[in-house]
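Peer 1: Take this structure first; my questions come after.
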Amino acid sequence: MQRLDFIGATLFISGIMLFGFVHLAIANYVPNMGGWSNPPGKFATARAETMVNVPYFLSIILIIIGLLLIFLKELKAYLNKLYN
């Protein structure tokens, strides 16, 4: 169980760091934008033009998987404590 905690925390922290770096790249690009269309908006246009869609969604997936691993480990420990 200790290993599952470590893997979940590592995935969660990696996802948070990647998410932050992607937002930093987008924030650095926004002042240089010439224009954007209104339905996707400024953020989505900057994300598409800097080609960080894959890292952006990968970071969200890493965060979710990390949280699930940590949550499932804690849920299993709680259920063991409850039924034993």
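The values are calculated or read from the model by the stated rules, or taken from the named source; none is laboratory data. Since the structure is predicted, the reported quantities are computational estimates derived from the model, not experimental observations. Every residue, glycine as well, gets a Cβ built from its backbone with ideal geometry; the counts of neighbours run over all protein chains shown.
Peer 1: Condition test on Glu49, is it out of contact with any Cys (no Cβ under 7 Å at 6 or more places or on another chain), free of Cβ contacts under 8 Å to residues at least 12 places away in the same chain and not hydroxyl-bearing (Ser, Thr, Tyr)?
Peer 2: No.
Peer 1: Can you tell me how many residues within segment 57-74 are surrounded by fewer than 17 Cβ atoms within 10 Å (Cβ to Cβ) and at pLDDT 90 or above?
Peer 2: Of the residues in that region, 9 qualify.
Peer 1: Return the residue satisfying two criteria in turn: it lies in segment 45-56 and is surrounded by 14 or more Cβ atoms within 10 Å (Cβ to Cβ) and under 16 Å from the mean Cα position of the chain (by Cα), and of such residues it is nearest to Tyr29 (Cα to Cα).
Peer 2: Among those residues, the one meeting the criterion is Arg47.
Peer 1: Do we find that Glu49 is among the acidic types (Asp, Glu) and under 16 Å from Val22 (Cβ atoms) in this structure?
Peer 2: Judged against the criteria, Glu49 is a match.
Peer 1: What's the number of the condition Ala77 fails, among (1) surrounded by 12 or more Cβ atoms within 10 Å (Cβ to Cβ); (2) at pLDDT below 90; (3) out of contact with any Leu (no Cβ under 9 Å at 6 or more places or on another chain)?
Peer 2: Of (1) surrounded by 12 or more Cβ atoms within 10 Å (Cβ to Cβ); (2) at pLDDT below 90; (3) out of contact with any Leu (no Cβ under 9 Å at 6 or more places or on another chain), only one is false for Ala77: (1).
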